[in-house]
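Just below is one structure, and these are the notes that go with it.
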């Protein structure tokens, strides 16, 4: 996902985030972030609406870099925590932009994927593009989401910066399109500190009528 591919510029991003948080709205200046207020907001390709329980920071899309169906939020900067939204990803599409000539590829989404196959795709994303040197699936179980029989994936991973991170994904496939909300944060403190927000956001999620 977009946040995972930006770790080489995270120091600059964290500085931008600090500037954003001090602007009282985040919609002015030169920050890469804008403030998400406590109200219903459309995410990704605008097909899903969520309501955060407190303000978050949304990374502005980058032309030719971001995938339209994927959106990233953070509280404390992308190295420490983040929530990603995948909205209406279609059959044959990828969670990230990648060159066809690249030696390692993240699998494309297929509309007939099972939850274990989606979990394997997410693991590949972290290993190939996220810098994970170790990835461990903690659990994969059914969970209602967006009015359907979805799934919940819990995992942890050790990245090449020697920091353990923990994540949770809640997702489903509706009309052949993938919808997911993903929390990924440093295992020490930040995951637990943002899990309640994540669960509130998942509970609030709905598709646009």
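Quick notes on this structure:
- Cα gyration tensor, region 82-154 - rounded (a/c under 1.5), prolate or oblate: oblate
- Exposure proxy ranking, count of Cβ atoms within 10 Å, fewest first, for 54, 37, 166: 54, 37, 166
- Spin-label model, residue 204/residue 68: points 7 Å from Cα along the beta carbon direction are separated by 2.6 nm.
- Cα centroid of region 36-55 to Cα centroid of region 120-185, whole Å: 20
- Ordered by the number of other Cβ atoms lying within 10 Å of each residue's own Cβ, fewest first, 135, 198 fall into the sequence 135, 198.
- The slack in the chain from residue 162 to residue 195, taken as 0.36 nm per residue of separation less the alpha-carbon distance, amounts to 9.7 nm.
- Extension gain for residue 187 to residue 146 (0.36 nm times residue separation, less C-alpha to C-alpha distance): 12.0 nm.
- Taking other C-beta atoms within 10 angstrom as a stand-in for reagent exposure, 141, 90 fall in the order 141, 90, fewest first.
- Gain upon complete extension [residue 174, residue 138; 0.36 nm per residue less C-alpha separation]: 10.5 nm
Coordinate-derived values only; no laboratory data. The structure presented is a predicted model; accordingly, all values stated were derived computationally and were not measured. Please note: Cβ atoms are built from the backbone with ideal geometry, for glycine as well, and neighbour counts cover all protein chains shown.
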